[in-house]
There are 2 protein chains.
Amino acid sequence: MAHKPSIPKGTRDFSPAEIAKRNHILNTIKGQFQRFGFQPIETPSFENSETLLGKYGEEGDRLIFKILNSGDFISKVDDVTYSSKNSSSLAPKITDKALRYDLTVPFARYVVMHQNEIDFPFKRYQIQPVWRADRPQKGRFREFYQCDADVVGANSLLQEVEFIQLYDAVFTDLGLTGTTIKMNNRKVLSGIAEVIGAQHLLVDFTVALDKLDKIGEGKVKEEMLSKGISTAAIQKANPLFQMRGNAASQLEQLRELLEDSVIGLQGIQEMEEIISAVNTLGLRSAKLELDVTLARGLNYYTGAIFEVSAPEGVAMGSIGGGGRYDDLTGIFGLNDVSGVGISFGLDRIYLVLEELDLFPKSIGQSLQVLCLNFGTEEGLAALKLVSQMRTKGIKADMYPAATKVQKQFKYADKRNVPYVILLGAKELEENCYILKDMASGEQTTFKINDIPAFLLG
Amino acid sequence: MAHKPSIPKGTRDFSPAEIAKRNHILNTIKGQFQRFGFQPIETPSFENSETLLGKYGEEGDRLIFKILNSGDFISKVDDVTYSSKNSSSLAPKITDKALRYDLTVPFARYVVMHQNEIDFPFKRYQIQPVWRADRPQKGRFREFYQCDADVVGANSLLQEVEFIQLYDAVFTDLGLTGTTIKMNNRKVLSGIAEVIGAQHLLVDFTVALDKLDKIGEGKVKEEMLSKGISTAAIQKANPLFQMRGNAASQLEQLRELLEDSVIGLQGIQEMEEIISAVNTLGLRSAKLELDVTLARGLNYYTGAIFEVSAPEGVAMGSIGGGGRYDDLTGIFGLNDVSGVGISFGLDRIYLVLEELDLFPKSIGQSLQVLCLNFGTEEGLAALKLVSQMRTKGIKADMYPAATKVQKQFKYADKRNVPYVILLGAKELEENCYILKDMASGEQTTFKINDIPAFLLG
């Protein structure tokens, strides 16, 4: 018996209507990536396990999908391991490939492997699915696309400026005005950890701070305490939670707090330069904001960090994020290559555009003309007309069966077709066809070889 | 120590240059799919194992990549199975998902799962990667794209006619003239098996016949013999190997051979109808040819079958194939849905276009303008100019560091940029910039806010 088919949890089928909307976003992002001089690369869906494992922390390793070795995989497991019947010891013996967990590590691997072919500075973009064995929930999937743009081999802060402009360009093009690009700098965070005497706990400090939006000031401080950061140190970091005012005034307060930290002051200066350049160049619809509590979880960031939030009133986590990392390719043996990059959250952007009703109405029109089918002879004549239209670039189709006219019209309605062509026995005899405007109901007769100019768009 | 990184065998990284070429092919295919009224769907990269296993024969099952269950996968294996230490018994206990092997079975699963949302007849296209644990060799990879278009829920032979036109349209658009679309019909093959008395060995008969191109007449006959098809039967099938002449004359010879087979004659009539319609409509650059030895390996075909071969002189297997199947969704419980579809072989088409030098020269130009970088102040002015150009849709970039001019020009050369902009201290002072045509060497001075119209293309 046939099962009732299903798909694995956390995965999705995409219908034509959903793909049209997703492509609207993806093509906008891609278009701007290209205008900004980024070039596409693609990497394999699975990598050697050693490329991925150990790069995302312990939890990351757990969430990586591993691919079972082909053939008699179990024969390669030694008896000691086998008799342990322990999943963690067995897994590495029976899998040597794993599905991509993000695009950043494969990109670092790509840069190192192809360093002799690449013309540095290398501006690449990459839009591909990634997979994580996460617990699925609203807006979180086991298969989802990442859309990344990075520059490697360029130290200038104008890169950061360009990425802020890139966010602005994409969201403006999508009609999503009023986004906020929040910026901070890891050097400032390092500086703070330094002046409060918690330098050795920098990772714990940033991980806790990163949760401020979600769990609030009180719980962040509790977590810091539980990680061994002293009450006195937390007290000292207090200005962080109190910062108010515009960027200039916040930077002023920060400068006071960090006056004894070389790295902290360097971070402040970087932010000032970036903000000043962005102000000179201007943004079309986004707002750049300083957020000294912005931390971002990933440890490889070393300079500016970014996160984009949806327009006010839309409850949604960040719809993009990124930053500068100084030694990403070091894990694969290529040192001293600085990089900076950002990412767009396709699924969340989709939800925001849906909520604000920002998808263009024309998106659902995948077909311009549908020719009805009135039988074998008429059908062949119709297909000839349709062929001519297609050759001219018109998206045209003939209904594939000579069923009831009503059924064919219903199909035209569902496909949201603006024009329907009627070519029956009478028209065939008179060498003409009728074009019906589905919105107005108006019918116009054309000669069989006449294709109205307004269809050519 | 960092390993020298590598990627799994049979997989590929794609560089910007390769992606530009692949996209040229994919966009051409997609563009025609859309003109022909097909709508895109996407399915998850992995399916539940039960969806895939048993659908591709024993060899197929072996070649499917299985995904190890997450967490403590081994604890769910019963002791009896575990103590057998047998890979085939263990695999289904520790994997419940598997990577897509083709797009056809997931499509059938999609149609059945979404039958209540779909407006039949459903014309869908799908362009996604698939994975096979095959032995990698020239032109055969473990990860590769399939490009499929299918119609389900339509019986008319005009569908077959449209697919022939679709092949013609795509290959003509790609500049690949002189392709041959070979056609046969499974009903004709069934008829032959019937009249030679090998009806029960139809699958063995078609599988052997399918190899004619590769191993020649003698070996095909040997294989048939070894599968239990009698010498007398093979003798009777001899006309198959001797068919000569145009379609009409071949159909005549076939009609004689199959005069006692109802199904065989039906197949002949179908082919006649298709050929006649194609002749009426005409093809732009492809040639339709009858090939009674064309068998195609896949067992689900029941009517017309197609295979496209590259222009004469290019040694390459088929660059596309497809056919009609009458009950593909039956495996998932939805009966009596007829379908027909074709597929394009991206990797092989790529090799053919490369060999015939048919990729447009403009493909490598991902950047229209590169602005040189002469320092902080000049750089900011340059970035402002570049921003204005980008807003107008021009692909423009600034070299990210104020390094030696020679190095920057070298980069412009490598990126194949047609125009370079010079905006140094002198220009900054005079509120202008110099645009250099890299092909002619000509330099023109423009006012800082002037963007030449020829860049707007």
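The values are calculated or read from the model by the stated rules, or taken from the named source; none is laboratory data. Computed from a predicted structure; not experimentally measured. Here the Cβ positions follow ideal geometry from the backbone for every residue, glycine too, while neighbour counts run over all protein chains shown.
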* Matching entry among A:Val340, A:Val352 (being at pLDDT 95 or above and part of a strand (DSSP E or B)) -> A:Val340
* Structure fact -> Only one of A:Thr81, A:Thr95 is within 23 Å of B:Thr81 (Cα to Cα), in contact with a strand residue (DSSP E or B) (Cβ under 6 Å, 6 or more places away or on another chain) and of a type outside the set (A, V, I, L, M), namely A:Thr95
* Exactly one condition in (1) free of Cβ contacts under 8 Å to residues at least 60 places away in the same chain; (2) touching a strand residue (DSSP E or B) at 6+ places or on another chain (Cβ under 6 Å) is not met by B:Tyr125; state its number. => (1)
* To do: Could you tell me whether B:Gly153 is over 25 Å from B:Arg255 (Cβ atoms) and in contact (Cβ under 8 Å) with a residue 12 or more places away in the chain?
  => yes
* Structure fact -> Note on region B:59-78: residues at the interface with chain A (Cβ under 9 Å from one of its Cβ atoms) and part of a helix (DSSP H, G or I) are B:Arg62, B:Leu63, B:Phe73, B:Ile74, B:Ser75
* From A:Thr172, A:Thr206, A:Thr280, which residue is part of a helix (DSSP H, G or I), exposed (fewer than 14 other Cβ atoms within 10 Å of the Cβ), in the same structural domain as A:Asp148 (by TED's automatic domain parsing) and among the polar types (S, T, N, Q)? -> A:Thr280
* **Count - residues of region A:90-141 that are surrounded by fewer than 15 Cβ atoms within 10 Å (Cβ to Cβ) and among the hydroxyl-bearing types (Ser, Thr, Tyr)** => 0
* Among (1) modelled with pLDDT of 95 or more; (2) surrounded by 20 or more Cβ atoms within 10 Å (Cβ to Cβ); (3) in contact with a helix residue (DSSP H, G or I) (Cβ under 9 Å, 6 or more places away or on another chain), which single condition is B:Gly379 missing? -> (1)
* Asked: Could you list, in sequence order, the residues of region B:407-449 that are out of contact with any Leu (no Cβ under 9 Å at 6 or more places or on another chain) and within 14 Å of chain A (Cβ to nearest Cβ)?
  -> B:Lys407, B:Lys410, B:Asp413, B:Lys414, B:Leu428
* Being assigned to a strand (DSSP E or B) and in contact with a Pro (Cβ under 7 Å, 6 or more places away or on another chain) is the filter; apply it to region A:17-58 and report the residue that is nearest to B:Gln39 (Cα to Cα). => A:Pro40
* Structure fact -> Given (1) farther than 30 Å from B:Pro121 by Cβ; (2) within 23 Å of the chain's Cα centre (by Cα), B:Ile196 misses just (2)
* Asked: Could we say that A:Leu370 is in a strand (DSSP E or B), assigned by TED's automatic domain parsing to the domain that holds A:Ile434 and free of Cβ contacts under 8 Å to residues at least 60 places away in the same chain here?
  -> yes
* **In region A:18-58, residue nearest to the other protein chains (Cβ to nearest Cβ) [restricted to those that are surrounded by fewer than 16 Cβ atoms within 10 Å (Cβ to Cβ) and modelled with pLDDT of 95 or more]** => A:Glu50
* Asked: Tell me, which residue of region B:146-169 that is more than 10 Å from chain A (Cβ to nearest Cβ) and assigned to a strand (DSSP E or B) is nearest to B:Ile25 (Cα to Cα)?
  -> B:Cys147
* Asked: Tally time: how many residues in region B:7-30 are over 14 Å from A:Glu42 (Cα atoms) and within 14 Å of the chain's Cα centre (by Cα)?
  -> 7
* Find all pairs meeting these conditions: Cβ atoms under 6 angstrom apart; at least six residues apart or on different chains; first residue within region A:213-224 and under 14 Å from A:Leu240 (Cβ atoms); second residue surrounded by fewer than 17 Cβ atoms within 10 Å (Cβ to Cβ) and of a type in the set (A, V, I, L, M, F, W, C). => A:Glu217/A:Phe241
* Structure fact -> Subset of region B:439-448, residues more than 41 Å from the chain's Cα centre (by Cα) and loosely packed, with under 11 Cβ neighbours inside 10 Å, comes to B:Gly441, B:Glu442, B:Lys447
* Among the residues listed as A:Lys436, A:Lys414, the single one being touching an Asp or Glu at 6+ places or on another chain (Cβ under 9 Å), surrounded by fewer than 12 Cβ atoms within 10 Å (Cβ to Cβ) and of a type in the set (D, E, K, R) -> A:Lys414
* Asked: Which condition number does A:Gly216 fail, the rest of (1) of a type outside the set (Asp, Glu); (2) assigned to a helix (DSSP H, G or I); (3) over 30 Å from the mean Cα position of the chain (by Cα); (4) farther than 26 Å from A:Arg324 by Cβ being met?
  -> (3)
* Asked: What pairs can you find where one residue is in region B:245-257 and under 16 Å from B:Leu294 (Cβ atoms), the other is at pLDDT 90 or above, and their Cβ atoms are less than 6 Å apart, with a gap of 6+ or different chains?
  -> B:Ala247/B:Ile275; B:Ala247/B:Leu290; B:Gln250/B:Leu290; B:Leu251/B:Ile268; B:Leu254/B:Ile268
* Is one or more of the residues making up region A:326-333 in contact (Cβ under 8 Å) with a residue 40 or more places away in the chain, within 22 Å of A:Gly178 (Cβ to Cβ), in the same structural domain as A:Leu212 (by TED's automatic domain parsing) and not β-branched (Val, Ile, Thr)? -> no
* Asked: Residues in region A:78-95: is at least one over 30 Å from B:Ser366 (Cβ atoms) and in contact (Cβ under 8 Å) with a residue 40 or more places away in the chain?
  -> yes
* Residues in region A:326-349: is at least one within 30 Å of A:Lys410 (Cβ to Cβ) and among the charged types (D, E, K, R)? -> no
* Meets criteria (crowded, with 20+ Cβ neighbours inside 10 Å, at pLDDT 95 or above and out of contact with any Gly (no Cβ under 7 Å at 6 or more places or on another chain)) for A:Ile181 -> yes
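Results for (1) within 28 Å of the chain's Cα centre (by Cα); (2) surrounded by fewer than 22 Cβ atoms within 10 Å (Cβ to Cβ), shown as yes or no for each residue.
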site	(1), (2)
A:Ser285	yes, yes
A:Thr293	yes, yes
A:Tyr301	yes, no
A:Tyr325	yes, no
A:Gln365	yes, yes
A:Leu372	no, no
A:Val386	no, no
* **Unmet criterion (only one of (1) charged (D, E, K, R); (2) assigned to a helix (DSSP H, G or I); (3) under 23 Å from A:Lys76 (Cα atoms); (4) under 26 Å from the mean Cα position of the chain (by Cα)) for B:Lys93** => (4)
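Residues checked against (1) closer than 22 Å to B:Leu166 by Cβ; (2) assigned to a helix (DSSP H, G or I); (3) not aromatic (Phe, Trp, Tyr):
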| site | (1), (2), (3) |
| --- | --- |
| B:Ile268 | no, yes, yes |
| B:Ile274 | yes, yes, yes |
| B:Leu288 | yes, no, yes |
| B:Thr293 | no, no, yes |
| B:Pro311 | yes, no, yes |
* If you scan region B:79-124, which residues turn out to be touching a Lys or Arg at 6+ places or on another chain (Cβ under 7 Å), more than 10 Å from every other protein chain (Cβ to nearest Cβ) and of a type in the set (Ser, Thr, Tyr)? -> B:Thr81, B:Tyr101
